[in-house]
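Okay, so here's the structure we're looking at.
The values are calculated or read from the model by the stated rules, or taken from the named source; none is laboratory data. What you see is a predicted model; the values in this text were computed from it and never measured. Every residue, glycine among them, receives a Cβ derived from its backbone with ideal geometry; neighbour counts consider all protein chains shown. What goes into the accessible areas is simple: the full protein's heavy atoms, side chains included, and nothing from ligands, DNA or RNA. Shrake-Rupley method; radii C 1.70, N 1.55, O 1.52, S 1.80 Å.
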Amino acid sequence: MRMVDLINKKKEGKALSKDEIEFIVSGYVKGSIPDYQMSAFLMAVYFKGMDREEISNLTLSYVNSGNTVDLSGIKGIKVDKHSSGGVGDKISLIVIPLVAAVGVPVAKMSGRGLGHTGGTIDKLEAIEGFNTNLDYDTFINNVNKYKMAIAGQTANLTPADKKTYALRDVTGSVDSIPLIASSIMSKKIAAGADAIVLDVKVGSGAFMKSLDMAKELAETMVAIGKALNKKTIAIITNMNEPLGHEIGNANEVREAMEVLKGNGAKDETTVALTIAAYMVLLGGAFKNFDSAYEKLKDIIKSGKAIEKFKEFVKIQGGNTEIIDKPDKLPNSKYHVEIKAKESGYIEAIKADNIGVAAMLLGAGRRTKDDKIDFAAGITVVKKYGDRVNKGDAVFILHTNMRNCTEAQNIVETSFKIGKEKPEAIKYLSLIHISEPTRLALI
């Protein structure tokens, strides 16, 4: 078998066999296939695509390239969730204690942020003492006893995907549905969950800019899950504006706690409850979505949700004082208001630009070696459709930098004010529950 023959085969639009895909992936990891040949292959996939069987085999080859997490010591159906990345997405912080509160185990491996999308691990580490470097036994014991645990991804989880993604990033082949789907699903499968809820973001702050692309990605990942015997649901959610009101780390923890206390913004509360409801449905705790959703709302209303979050912080070594005293979380020195220059209604927000601005303030990383400023971030004072008067604060920038002109300039040009109130948008556009697909009017 020769790599050049396989490149030509894919260039001609022909399907590759399981053995041929394994040859490519294992050869690239071992170093027998050089970057220039792998680059040619990735570009061939970009233009010619892959069928569902090929994508499933590519996903499995990524999984088999490194270690997998053994969760067999955890009782019950282990459920995980994954977001395709967005701005202000603190949903994991909300759903972990919510799902655990009804007895469904959540054993979550998560990553750090890079670029304008924040990482769950970074957000939780804004809590003093919170430990995400759990050893295996502690991780398993916490899930069995408390139904929840989170840890950073192991170094040798899907190394083929890590190596391939780095190459895609510099060769213009990132935005390929087969490559995106296999990358995401390989990490989820290697992490050992029995069932997966996928949150596919669509809009200006997401990688998928159009609903058609988001649908294709969602359907592809559900098909992969089905082919590899994982219960999988994908939900497409709006990312044409930041989720909730906060972007950053410490401020996103504060906002997540407000949701768990019953005081959260409508968009993030709706998305969190929907994802959590499907997680507990897959976990076998409920027979239908509606009863699960209502029960989770009751758990928030009763105060059990925030108590479960407090337990979550405690068992991972964090300072539980933050639950009653959120000001114990890091706070920045400087707060800069971005004000409306005219009166009207917010009719557009460039969510990706807001994410980039938050990164420039210190809330994210330009490179993987950058250090996070947990106190830095942005508050979205006015959201899509809100009425504003000239001089009203639309955003507030939080930073420890004396000069944040670059971020200011970006935010000032990242929203549009119109004279008429725009039409309402849906928080969730489409829900895939294997077959058939149904529209969610939420």
statement: Computed about the Cα centre, the charge dipole of the stretch 62-108 from +1 Lys/Arg and -1 Asp/Glu charges at the Cβ has a magnitude in debye, to the nearest 20, of 100 debye
- line: Toy charge model, Lys and Arg Cβ at +1, Asp and Glu Cβ at -1: the chain dipole around Cα centroid in debye, rounded to 20, equals 320 debye
message: Please compute the Kirkwood hydrodynamic radius over the stretch 1-82, one decimal place, Å, based on all pairs of different Cα atoms.
response: 14.2 Å
query: Expressed as a rounded percentage, what relative contact order does the stretch 306-378 have, with Cα pairs under 8 Å and six or more residues apart?
result: 23 percent
statement: Once both label points are put 7 Å beyond Cα along the C-beta direction, the Glu53-Leu167 separation in nm becomes 2.5 nm
message: So for the stretch 272-402, averaging the separation of alpha carbon pairs under 8 Å that are six or more residues apart and normalising by length, what relative contact order in percent results?
response: 25 percent
query: When the scattering of the stretch 126-264 is computed by the Debye formula from its Cα atoms alone, each counted once and equally, what is log10 I(q)/I(0) at q = 0.13, 0.19 Å⁻¹?
result: -0.78, -1.41
Rounded to the nearest 20 debye, dipole of the stretch 164-280 from Cβ charges on Lys, Arg, Asp, Glu: 400 debye
- line: the chain, Kirkwood Rh and Cα Rg, ratio Rg/Rh at 0.97
- line: trypsin sites (Lys or Arg not before Pro) in the stretch 1-50 lying in a DSSP loop, each with at most 14 other Cβ atoms within 10 Å of its Cβ, come to Arg2, Lys14
statement: With the 8 Å Cα cutoff and a minimum separation of six or more residues, the chain has a relative contact order in percent of 18 percent
statement: Taking r as the C-beta separation of Asp324 and Arg2 and R0 as 45 Å, the FRET efficiency to the nearest 0.05 is 0.10
message: Restricting to DSSP H runs of at least four residues, report the calculated mean residue ellipticity at 222 nm for the chain, -39500 (n - 2.57) per run over all residues, nearest 500 deg cm²/dmol.
response: -13500 deg cm²/dmol
task: Rounded to whole Hz and in sequence order, give me ³J(HN,Hα) for the stretch 336-348 from the Karplus expression 6.51 cos²θ - 1.76 cosθ + 1.60, θ = phi - 60°, writing x for Gly and Pro.
output: 10, 8, 9, 9, 5, 8, 7, 8, x, 10, 5, 10, 6
message: Full-extension gain between Asp70 and Asn141, please, as 0.36 nm times their residue separation minus the C-alpha to C-alpha distance.
response: 24.3 nm
field: Pair Asn409, Ala393: separation of 7 Å Cα→Cβ label points (nm)
entry: 2.4 nm
- line: Rounded to one decimal in nm, the spacing of the 7 Å Cα→Cβ label points at Lys371 and His335 is 2.5 nm
- request: Hey, can you find the accessible area per residue of the chain for me, probe 1.4 Å, expressed in square angstrom?
  value: 42 Å²
- request: Provide the FRET efficiency to the nearest 0.05 for the Arg402-Glu307 pair, computing r from the beta carbons and using R0 = 51 Å.
  value: 0.80
statement: Dipole check, the stretch 225-376, charges on Cβ (K,R +1; D,E -1), about Cα centroid: among Ile315, Ala227, Tyr293 the Cα furthest to the positive pole belongs to Ala227
statement: The extension gain from Glu347 to Ser291, computed as 0.36 nm times the residue separation minus the Cα-Cα distance, is 16.7 nm
message: Run the Debye formula on the Cα coordinates of the stretch 231-347, all scatterers equal and no solvent, and tell me log10 I(q)/I(0) at q = 0.13 1/Å.
response: -0.66
